[in-house]
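**Student:** Sharing a structure here in structure tokens format.
The values are calculated or read from the model by the stated rules, or taken from the named source; none is laboratory data. Fair warning: this is a prediction, and the values are worked out from it, not measured in the lab. Reconstructed Cβ throughout: ideal geometry from the backbone, glycine too, with neighbour counts over all protein chains shown.
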Amino acid sequence: MTTKRQVKASKTQKARPEKPKKSKATKAEVAEGKTEAKERPQPKKKFDVEFYRDWCKGCGICAAFCPSAALSMNEKGEPETAQPDLCIGCAWCEIRCPDFAVSVRERKEEVCEL
Ligand code: SF4
Ligand code: SF4
């Protein structure tokens, strides 16, 4: 048995127009520049993780919570950015640090002016 609500829901679903499917550009199309600017792969963002050593107590929380294993603790018991390219900029390390000793910033590309 169908309720009035179910009938109404099925009518509204039928009335909705379908979204046009996006086609993915092939590597060859991207290389030849045949794709629109929106479809071209954007360069991956990079991030700098800075530690304020005077505030850090070496608890390791930042490294433990890093989802991409970009951080690790060195032999002195200090956190370091062992694999900076793995950083996704989520700022979990900055948020979780109890001593506010971490700062995550997006790395800006330097523009060379001639
Ligand atoms: S969470 Fe903060 S205090 Fe703990 S090791 Fe990392 S930077 Fe140091
Ligand atoms: S910003 Fe996220 S991915 Fe980058 S080092 Fe901190 S916790 Fe790890």
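**Student:** Just a yes or no: is a residue in region 79-87 under 30 Å from Gln42 (Cα atoms), within 7 Å of ligand 1 (Cβ to nearest atom) and aliphatic (A, V, I, L, M)? Quick ask: steps written out before the conclusion?
**Tutor:** Let us first name the residues in region 79-87 that are under 30 Å from Gln42 (Cα atoms), namely 80-87.
Of the ones still in play, those that are also within 7 Å of ligand 1 (Cβ to nearest atom) are none.
Checked region 79-87: no residue is under 30 Å from Gln42 (Cα atoms), within 7 Å of ligand 1 (Cβ to nearest atom) and aliphatic (A, V, I, L, M).
**Student:** Considering only region 70-114, state which residues are touching a helix residue (DSSP H, G or I) at 6+ places or on another chain (Cβ under 6 Å) and either away from ligand 2 (no atom under 15 Å from the Cβ) or free of Cβ contacts under 8 Å to residues at least 24 places away in the same chain (or both).
**Tutor:** If the condition is that a residue be touching a helix residue (DSSP H, G or I) at 6+ places or on another chain (Cβ under 6 Å) and either away from ligand 2 (no atom under 15 Å from the Cβ) or free of Cβ contacts under 8 Å to residues at least 24 places away in the same chain (or both), then Ala70, Leu71, Ser72, Met73 are the ones that fit.
**Student:** Let me ask you something else. From the residues in region 54-65 that are more than 6 Å from ligand 1 (Cβ to nearest atom) and either assigned to a helix (DSSP H, G or I) or modelled with pLDDT under 95 (or both), which one is nearest to Pro84 (Cα to Cα)?
**Tutor:** Filtering region 54-65 down to residues more than 6 Å from ligand 1 (Cβ to nearest atom) leaves 54-55, 63-65.
The next check asks that each one be either assigned to a helix (DSSP H, G or I) or modelled with pLDDT under 95 (or both); those that pass are 63-65.
Details: Ala63: 12, Ala64: 16, Phe65: 15 Å.
Ranking the candidates gives Ala63 first.
**Student:** Restricting to region 25-53, name every residue that is of a type in the set (Ser, Thr, Tyr) and either closer than 17 Å to Thr81 by Cβ or at pLDDT 95 or above (or both). Before you say what the answer is, go through the steps one by one.
**Tutor:** First, pick out the residues of region 25-53 that are of a type in the set (Ser, Thr, Tyr): 26, 35, 52.
Scanning region 25-53 gives a single hit, Tyr52.
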